[in-house]
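Colleague: Submitted below is the structure of interest, expressed as structure tokens.
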Ligand SMILES: [Zn+2]
């Protein structure tokens with residue numbers, strides 16, 4: 001009786017310890033602990049659980065945005081924030097491919113075209129018109145006319161301005177189709193991974209909200225392009241830490257909430273803005289928030305065109 005009793009208590013104890021260890025393993029998996037630790041404990045507990053190192057890595061990467069890409073030695077990603085005054089136009093080039101995000105105001109069209117040509121580019125593999133405001137798609141008709149165009153992304157929202165009609169006419173003249181950007185869609189620009197971070201918010205009263213937001217990772221470096229997205233867009237998701245932020249809406253205080261900026265915690269913040277513009281952009285508040293986070297701020301109204309070069313590990317400012 002005594003022996004049997006002891007044995008069954010021992011068995012019960014082992015069961016309880018096993019249960020406790022199983023709970024510990026579940027908690028460790030839930031908090032994303034080191035797979036090796038989890039596997040050792042589940043082995044002791046006699047559990048049939050093994051956590052693959054790759055799986056946990058992928059799940060965290062999915063949470064924080066797109067995956068890092070492999071960059072061959074010597075290859076660069078070049079990002080030019082073209083000085084188009086109170087407007088946006090950004091050229092992104094890899095070894096063999098090029099993408100343009102926005103094309104400045106109507107009167108900037110020729111300058112943007114000349115700038116792209118000066119880089120020896122004849123084909124734009126991707127063109128993104130972040131939203132149908134003149135300071136973003138104004139020069140787009142000239143760009144479409146002058147280059148071989150691959151895929152063109154614009155929000156589905158339409159407007160009846162002449163600027164917008166001109167762009168649509170040029171797209172039709174070239175037999176191009178506008179592609180829709182969806183949150184989570186990714187594509188490769190050379191060895192750079194591009195991801196659309198949100199779905200456009202379609203509000204005829206505020207076209208800024210339709211801004212297409214793109215994040216690019218190149219090796220271990222990352223860039224985020226906000227167009228004129230506002231706080232309402234920022235609040236639609238959690239944001240991955242990103243090295244370079246093209247500050248939303250020319251540094252206006254309708255964008256760049258503290259919550260958002262803290263998540264991004266950019267090393268570099270680029271503001272595309274015109275000297276003495278009528279809108280008071282960028283706002284002092286936005287500048288202060290960025291400074292408090294320790295970001296280096298580059299402004300097109302102070303520096304002209306800003307060129308950042310990534311080698312996959314480091315980002316340097318040229319010119
Ligand atoms: Zn704008």
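Colleague: Just the residues that are within 25 Å of residue 282 (Cβ to Cβ) and outside any strand (DSSP E or B), please, taken from region 206-220. I'd like the intermediate steps shown before the answer.
Modeller: Narrowing region 206-220 to residues within 25 Å of residue 282 (Cβ to Cβ): 206-216.
Hits for region 206-220 are 206, 207, 208, 209, 210, 211, 212, 213.
Colleague: I've got another one for you. Any idea which of 274, 227 is crowded, with 22+ Cβ neighbours inside 10 Å and closer than 26 Å to residue 296 by Cα? Before you say what the answer is, go through the steps one by one.
Modeller: Details: 274 fails: crowded, with 22+ Cβ neighbours inside 10 Å.
After ruling out the rest, the residue left standing is 227.
Every residue, every condition in (1) closer than 20 Å to residue 83 by Cβ; (2) in the same structural domain as residue 184 (by TED's automatic domain parsing); (3) touching a strand residue (DSSP E or B) at 6+ places or on another chain (Cβ under 9 Å); (4) modelled with pLDDT of 95 or more, yes or no:
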{"position": "203", "(1), (2), (3), (4)": "no, yes, no, yes"}
{"position": "207", "(1), (2), (3), (4)": "no, yes, no, yes"}
{"position": "213", "(1), (2), (3), (4)": "no, yes, yes, yes"}
{"position": "230", "(1), (2), (3), (4)": "no, yes, no, yes"}
{"position": "241", "(1), (2), (3), (4)": "no, yes, yes, yes"}
{"position": "273", "(1), (2), (3), (4)": "yes, yes, yes, yes"}
{"position": "282", "(1), (2), (3), (4)": "yes, yes, yes, yes"}
{"position": "287", "(1), (2), (3), (4)": "yes, yes, yes, yes"}
{"position": "299", "(1), (2), (3), (4)": "yes, yes, yes, yes"}
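Colleague: Within region 97-107, how many residues are under 18 Å from residue 302 (Cα atoms) and surrounded by fewer than 23 Cβ atoms within 10 Å (Cβ to Cβ)? Walk me through how you get there before you give the answer.
Modeller: So in region 97-107, the residues under 18 Å from residue 302 (Cα atoms) come out as 104.
Retained after the next criterion (residues that are surrounded by fewer than 23 Cβ atoms within 10 Å (Cβ to Cβ)): none.
Within region 97-107, residues that are under 18 Å from residue 302 (Cα atoms) and surrounded by fewer than 23 Cβ atoms within 10 Å (Cβ to Cβ) number 0.
Colleague: Here is a further query. So if I check each of 161, 217, which one is without any contact (Cβ under 8 Å) to a residue 60 or more places away in the chain and in the same structural domain as residue 264 (by TED's automatic domain parsing)? Step through it out loud before you land on a result.
Modeller: Working: 217 fails: without any contact (Cβ under 8 Å) to a residue 60 or more places away in the chain.
Within the list 161, 217, the selection yields 161.
Colleague: Can you tell me how many residues in region 203-221 are away from the ligand (no atom under 16 Å from the Cβ) and under 19 Å from residue 127 (Cα atoms)?
Modeller: Residues in region 203-221 being away from the ligand (no atom under 16 Å from the Cβ) and under 19 Å from residue 127 (Cα atoms): 4 in total.
Colleague: Follow-up. Going through region 163-186 one residue at a time, which ones are within 19 Å of residue 246 (Cβ to Cβ) and buried (at least 17 other Cβ atoms within 10 Å of the Cβ)?
Modeller: 181 - this is the single residue of region 163-186 that is within 19 Å of residue 246 (Cβ to Cβ) and buried (at least 17 other Cβ atoms within 10 Å of the Cβ).
Colleague: Suppose we filter 150, 190, 138, 184 for residues that are more than 16 Å from the ligand (Cβ to nearest atom) and touching a residue at least 40 places away in the same chain (Cβ under 8 Å); which single one remains? Break it down stepwise before answering.
Modeller: On the way: 150 fails: touching a residue at least 40 places away in the same chain (Cβ under 8 Å); 138 fails: more than 16 Å from the ligand (Cβ to nearest atom); 184 fails: touching a residue at least 40 places away in the same chain (Cβ under 8 Å).
Only one candidate qualifies: 190.
Colleague: Which one of the conditions (1) outside any helix (DSSP H, G or I); (2) more than 15 Å from residue 81 (Cα to Cα) does residue 223 fail to meet, given that it meets all the rest?
Modeller: (2) is the only condition that residue 223 fails.
Colleague: I need the full set of residues from region 48-96 which are modelled with pLDDT of 95 or more and either surrounded by fewer than 11 Cβ atoms within 10 Å (Cβ to Cβ) or assigned to a strand (DSSP E or B) (or both), in order please. Outline the logic, then answer.
Modeller: So the first thing to find is which residues in region 48-96 are modelled with pLDDT of 95 or more, and the list is 75-94.
Scanning region 48-96 gives 77, 78, 79, 80, 81, 90, 91, 92, 93.
The values are calculated or read from the model by the stated rules, or taken from the named source; none is laboratory data. Being a predicted model, the structure only gives us computed values, none of them experimental. Because the Cβ atoms are built from the backbone with ideal geometry, glycine has one as well, and the counts that use them run over all protein chains shown.
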